[in-house]
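Visitor: Got a structure for you, written out below as structure tokens; questions coming shortly.
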Amino acid sequence: MRHPLYSELRTIYETTAEDPHTFRLSLKLKDLIDGDMLREAVAKTMERYPYFCMRMVVEGPDVYFEDNPLPVPVIETNGRITLGSESTNYHLMCFCYWQNWLHVEVHHSLTDGGGVHPVIGTLLNLYLSAFYEIDLDATGLRMPGDEINPAEWEDPAREALSPEHEGLARKWSGPAFQIHEEHVGLLPDSIVTTIGIDEKEFIPFSISNDGSPATVVALLLARSFDMVHEIGDDPIVIALCVNQRRALKAPLAHQSLVGDARLVYSDRLRSMPFMDQVTCFRGMTALQTDDDMVLDDIRDYQRLMRELEEIDTFEGRHELCVRNMQELSKSITATVSYIGRVSMGPMERFLQEFDPLPSTALPSMHTPVTIEMVSMNGSIVLNFIQYFSETTYFSNFVRQLWDNDINYNVLRQERARYPRMEIPGHV
């Protein structure tokens, strides 16, 4: 059966070999993973999520998903896999494992971190129950045999929206300070430095400065650029990723629904005390995550979809979407994404770490610094992702943690292993 696409299309038309628009969520378990048990758990899990058991079909300019009867693959590897290829049964989601690491590999056209989180809960419950021969509580989880709510399938972004609110404030769309080759030697792949921060230190610090973990990290990142460069007329702008489901009143939607708020670190902000800077970033975030502002992003997307319908080749649609992203990138210096606190209930005692890794700095593939962070088991795991080897920005970032008495541990540094993506007949 074929499934028409909408929210998925921009991501698909933007995907290239260099910018695969994929992500990897990794969980470090306390014990080595049993591959056979994991395969059984994955097979049972995917019975509950038929809308994730898809392959991509490209016909001329049009792209569809269709049901994929081949099993969702489970591969023993810590390396990079290619989604959408024969090696992954043409699936857009794959599960890999290596020692005690479980990797969930996904193309962003299928879903985002919020959409894949229920899958992880289901899978862990089934796997850990079998592995430890216990009956883990499944309250609140989506389990095989459940009736699937149509709201999980339906795409809220294609629905007609109310008229645009008059007098709506616009988020920053002017030029922003950019990191170019003149500043660093840009690489075709990213280097990821992972640090751990104790929630008991960072949460009180954020609250005492009138902020949240996300807004404080965004500010620290902006200040780390400001410590190096004479910014000039173009301000530092941090894009903070925003889950659009609340504004769309669609908490169960599985599609990738990520927008952004743009936090502007201007000359005026630079002269303020630290707490006032945090307050300003928090205010900008609150304003731009207001439902009307988020829905305005959806209206922009709907306008793009209407433009795509007028183009009769895949290549033409690809060029339009890439050009659109290149323009957006000029308004952004770097990106911060905070998944928030991940709660796995009784399963958490079997987990050591949750590690998110995107291939692309949302909302643009031309933004060479991203911070992706998540909280679990009382610890914040923060990935500092950069497409260059220069260490100055990272050093400035952690120096600010140290100066504010926030202890951190560098857990590892490595080249990214997020998956590649193959578009049928194109990439």
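Visitor: Within the stretch 286-307, can you find the residues that are buried (at least 18 other Cβ atoms within 10 Å of the Cβ) and of a type in the set (A, V, I, L, M)?
Guide: Result: 293, 294, 295, 298.
Visitor: Of everything in the stretch 109-134 that's at pLDDT 95 or above and not in a helix (DSSP H, G or I), which residue is nearest to residue 345 (Cα to Cα)?
Guide: 134
Visitor: Among the residues of the stretch 89-112, which ones are surrounded by fewer than 24 Cβ atoms within 10 Å (Cβ to Cβ) and farther than 14 Å from residue 25 by Cβ?
Guide: Result: 89, 90, 98, 99, 100.
Visitor: OK, next. Based on what the data block shows, is residue 19 under 20 Å from residue 256 (Cα atoms) and not assigned by TED's automatic domain parsing to the domain that holds residue 356?
Guide: Values: under 20 Å from residue 256 (Cα atoms): yes; not assigned by TED's automatic domain parsing to the domain that holds residue 356: yes.
Here the answer is yes, as residue 19 does meet what is asked.
Visitor: Please find, among 232, 283, 259, 196, the residue that is surrounded by fewer than 21 Cβ atoms within 10 Å (Cβ to Cβ), within 19 Å of the chain's Cα centre (by Cα), of a type in the set (Gly, Ala, Ser) and assigned by TED's automatic domain parsing to the domain that holds residue 355.
Guide: On the way: 232 fails: within 19 Å of the chain's Cα centre (by Cα); 283 fails: within 19 Å of the chain's Cα centre (by Cα); 259 fails: surrounded by fewer than 21 Cβ atoms within 10 Å (Cβ to Cβ).
Only one candidate qualifies: 196.
Visitor: Next up: Any idea which residue in the stretch 386-402 is nearest to residue 182 (Cα to Cα), counting only those that are surrounded by 17 or more Cβ atoms within 10 Å (Cβ to Cβ) and of a type in the set (Phe, Trp, Tyr)? Talk me through it step by step, then tell me what you get.
Guide: Here is the first cut: in the stretch 386-402, the ones surrounded by 17 or more Cβ atoms within 10 Å (Cβ to Cβ) are 386-388, 393-394, 396-398, 400-401.
Now restrict to residues that are of a type in the set (Phe, Trp, Tyr): 387-388, 393-394, 397.
Numbers: 387: 14, 388: 12, 393: 15, 394: 18, 397: 21 Å.
Filtering first and then ranking leaves 388.
Visitor: Would you be able to tell me the number of residues in the stretch 74-85 that are closer than 15 Å to residue 421 by Cα and part of a loop (DSSP other than H, G, I, E, B)? Even if it seems obvious, please write down each step before you answer.
Guide: Kept after step one, since they are closer than 15 Å to residue 421 by Cα, are these residues of the stretch 74-85: 79-85.
Next, only the ones that are part of a loop (DSSP other than H, G, I, E, B) stay: 79-81, 84-85.
Adding up the residues that qualify gives 5.
Visitor: Got a sec? Which of 6, 51 is part of a loop (DSSP other than H, G, I, E, B), on the phi < 0 side of the Ramachandran plot and assigned by TED's automatic domain parsing to the domain that holds residue 133?
Guide: Numbers: 51 fails: part of a loop (DSSP other than H, G, I, E, B).
None of the others qualify; the one that does is 6.
Visitor: Let me ask something else about it. Does residue 342 meet the test of being surrounded by 15 or more Cβ atoms within 10 Å (Cβ to Cβ) and either out of contact with any strand residue (DSSP E or B) (no Cβ under 6 Å at 6 or more places or on another chain) or without any contact (Cβ under 8 Å) to a residue 40 or more places away in the chain (or both)?
Guide: Numbers: surrounded by 15 or more Cβ atoms within 10 Å (Cβ to Cβ): yes; either out of contact with any strand residue (DSSP E or B) (no Cβ under 6 Å at 6 or more places or on another chain) or without any contact (Cβ under 8 Å) to a residue 40 or more places away in the chain (or both): no.
No, not satisfied.
Visitor: Looking at (1) surrounded by 13 or more Cβ atoms within 10 Å (Cβ to Cβ); (2) assigned by TED's automatic domain parsing to the domain that holds residue 335; (3) at pLDDT 90 or above; (4) not aliphatic (A, V, I, L, M), find the lone condition where residue 190 falls short.
Guide: Among (1) surrounded by 13 or more Cβ atoms within 10 Å (Cβ to Cβ); (2) assigned by TED's automatic domain parsing to the domain that holds residue 335; (3) at pLDDT 90 or above; (4) not aliphatic (A, V, I, L, M), residue 190 violates only (3).
Visitor: May I ask you to verify whether residue 39 is modelled with pLDDT of 95 or more and closer than 15 Å to residue 122 by Cα? Please lay out each step first, then the result.
Guide: Values: modelled with pLDDT of 95 or more: yes; closer than 15 Å to residue 122 by Cα: yes.
Yes; evaluated as a whole, the condition is true for this residue.
Visitor: Which numbered condition in (1) closer than 26 Å to residue 285 by Cβ; (2) surrounded by fewer than 17 Cβ atoms within 10 Å (Cβ to Cβ) is the only one that residue 310 fails?
Guide: It is condition (1) that residue 310 fails.
Visitor: Turning to a different aspect of this structure: Which pairs turn up if I take residues in the stretch 53-67 that are under 12 Å from residue 110 (Cα atoms) and look for partners that are small (Gly, Ala, Ser) and modelled with pLDDT of 95 or more with beta carbon separation below 7 Å, at least 6 apart in sequence or on another chain?
Guide: Listed by first residue and then by second, the contacts come to 56/84.
Visitor: Which of the numbered conditions does residue 207 fail, given that it passes all the others? Conditions: (1) outside any loop (DSSP other than H, G, I, E, B); (2) in contact with a strand residue (DSSP E or B) (Cβ under 9 Å, 6 or more places away or on another chain).
Guide: (2)
Visitor: Moving to a separate point now. Report yes if residue 121 is farther than 26 Å from residue 331 by Cβ, crowded, with 17+ Cβ neighbours inside 10 Å, touching a residue at least 60 places away in the same chain (Cβ under 8 Å) and out of contact with any His (no Cβ under 6 Å at 6 or more places or on another chain), otherwise no.
Guide: On the way: farther than 26 Å from residue 331 by Cβ: yes; crowded, with 17+ Cβ neighbours inside 10 Å: yes; touching a residue at least 60 places away in the same chain (Cβ under 8 Å): yes; out of contact with any His (no Cβ under 6 Å at 6 or more places or on another chain): yes.
Criteria met by residue 121.
Visitor: Same structure, new question: With respect to residue 317, determine if the residue is farther than 22 Å from residue 180 by Cβ, surrounded by 20 or more Cβ atoms within 10 Å (Cβ to Cβ) and more than 21 Å from the chain's Cα centre (by Cα). Walk me through how you get there before you give the answer.
Guide: On the way: farther than 22 Å from residue 180 by Cβ: yes; surrounded by 20 or more Cβ atoms within 10 Å (Cβ to Cβ): yes; more than 21 Å from the chain's Cα centre (by Cα): yes.
Against the criterion (farther than 22 Å from residue 180 by Cβ, surrounded by 20 or more Cβ atoms within 10 Å (Cβ to Cβ) and more than 21 Å from the chain's Cα centre (by Cα)), residue 317 qualifies.
Visitor: Then there is this: Go through the stretch 403-427 and count every residue that is out of contact with any Phe, Trp or Tyr (no Cβ under 8 Å at 6 or more places or on another chain), surrounded by 14 or more Cβ atoms within 10 Å (Cβ to Cβ) and in a strand (DSSP E or B).
Guide: 3
Visitor: Part of a loop (DSSP other than H, G, I, E, B) and under 25 Å from residue 15 (Cβ atoms) - does that describe any residue in the stretch 144-157?
Guide: Step one: of the stretch 144-157, the residues part of a loop (DSSP other than H, G, I, E, B) are 144-149, 154-155.
Adding the requirement that they be under 25 Å from residue 15 (Cβ atoms) leaves 154-155.
Checking the stretch 144-157: at least one residue is part of a loop (DSSP other than H, G, I, E, B) and under 25 Å from residue 15 (Cβ atoms).
Visitor: Here is a further query. Here's a check for you: in the stretch 220-233, which residue that is acidic (Asp, Glu) and not in a helix (DSSP H, G or I) is modelled with the highest pLDDT? Even if it seems obvious, please write down each step before you answer.
Guide: First, pick out the residues of the stretch 220-233 that are acidic (Asp, Glu): 226, 230, 233.
Pick out the ones that are also not in a helix (DSSP H, G or I) and you get 230, 233.
Values: 230: 76, 233: 81.
For the stretch 220-233, the residue satisfying everything is 233.
The values are calculated or read from the model by the stated rules, or taken from the named source; none is laboratory data. In this text the structure is predicted, and so the values were computed from the model without any measurement. Cβ sites come from the backbone with ideal geometry, for glycine too, and all protein chains shown count toward neighbours.
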